[in-house]
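Contents: one structure, followed by commentary.
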Amino acid sequence: MEDLKKFFVKSELIPAIVQDYKTKEVLMLAYMNEESLAKTLETGMTWFYSRSRKELWNKGATSGHVQKVIKIDYDCDEDTLLVFVDQTGAACHTGNRSCFYRTLAENGDVPETNPLLSLEQVVEHRKTNPEEGSYTCYLFEKGLDKILKKVGEECAETIIAAKNDNMEDLTGEIADLMYHLTVMMSCRELPMSAVMDELEKRSHKIGNLKKMKTVDRNT
């Protein structure tokens, strides 16, 4: 194991940037001391040091939104950590997926975010922060059977719309279906990134071969 003391030569605390290992989204920034870093390495879950409470804290211990550590990198000066995690639920105490959900300034063209991941974040926020009158919260309250019933209804409506010659109706029905599928995935604790990973794997299949192979896209 690395000598942890080298990370605390300049200060007793070291900033730890937490990033989703699948989506690469930056989730939060917190601080670690030598003890919390050691506990993180020992348990495989993130532990930090609270500068306000002056004590260690285990991320998700009360909320259930735990962070399973996948990998920890450190920078060239050995004074900053980059922690890749498998995040359960929201990383931010506000219920947002990431603590960085507000923009101070934008310069130039900003790449568009993946709308499916954005939808997933909204659904997760509704699940952890129920709001009166929210349809999403209503579905979660009714449970999986109700959600699956709606998925089935939206599937049928999408099929009917596809048979008709109205692209506007078809677009709307597909959007409804994808929304209800996202709610179902959240209910079953299946992250959108897992489905995207599966699609990525399938994109490398050749014909009907079951064995995954790397494809030369130019051939």
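A compact table of results
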item	result
Lys/Arg +1, Asp/Glu -1 at C-beta; the chain dipole; positive extreme among L119, L81, A61	A61
Fraction of accessible area attributable to carbon and sulfur, the chain (%, probe 1.4 Å)	53 percent
Nearest-20 debye value, the chain charge dipole, Cβ charges on Lys, Arg, Asp, Glu	700 debye
5 angstrom amide H check on I70, placed H, neighbours 5+ away	F84, V85, D86
FRET efficiency estimate (nearest 0.05) - Cβ-Cβ, E35 to V9, R0 22 angstrom	0.85
Proximal lysines relative to K201, as straight alpha-carbon distance under 19 Å, when same-chain residues fewer than 8 apart are discounted	K22, K24, K210, K211, K213
Cut-off of 10 Å, at most 14 other beta carbons, DSSP loop: longest stretch of the chain lacking such trypsin sites (Lys or Arg not before Pro)	103-187
Selection of GluC sites (Glu not before Pro), the stretch 138-205, meeting DSSP coil and at most 11 other Cβ within 10 Å	E189
Disulfide-incompatible cysteines by the Cβ rule (no partner under 4.7 Å) in the chain	C76, C137, C155, C187
Segment S203-E78, extension gain: residue separation times 0.36 nm, minus the distance between their alpha carbons	41.1 nm
MRE, 222 nm, helices only [DSSP H, n ≥ 4, -39500 (n - 2.57), over the chain, to nearest 500]	-12500 deg cm²/dmol
1.4 Å probe accessible area per residue over the chain, in Å²	66 Å²
Crossing angle, helix 115-128 versus the chain [Cα axis fit, 0-90 degrees, rounded to tens]	70 degrees
Pairwise FRET efficiency - K142 versus A162, Cβ, R0 = 25 Å, nearest 0.05	0.35
Given charges at Cβ of Lys, Arg, Asp, Glu: the chain dipole, positive-most of C99, Y179, V151	V151
Sites T103 and N58 - FRET efficiency at Förster radius 25 Å, r taken between beta-carbons, to 0.05	0.25
³J(HN,Hα) computed for each position of the stretch 148-156 - Karplus, 6.51 cos²θ - 1.76 cosθ + 1.60, integer Hz, glycine/proline x	5, 4, 5, 4, x, 5, 5, 4, 4
Using alpha-carbon coordinates, inclination of helix 34-43 to the longest axis of the chain, degrees	40 degrees
Karplus (6.51, -1.76, 1.60) ³J(HN,Hα), θ = phi - 60°, over the stretch 46-57, in Hz, Gly and Pro reported as x	6, 10, 10, 10, 7, 6, 7, 8, 6, 8, 6, 9
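The values are calculated or read from the model by the stated rules, or taken from the named source; none is laboratory data. Just so you know, these numbers come straight off a predicted model, no measurement behind them. Please note: Cβ atoms are built from the backbone with ideal geometry, for glycine as well, and neighbour counts cover all protein chains shown. All accessible areas refer to the heavy atoms of the entire protein, side chains included, with ligands and DNA or RNA removed. Shrake-Rupley method; radii C 1.70, N 1.55, O 1.52, S 1.80 Å.
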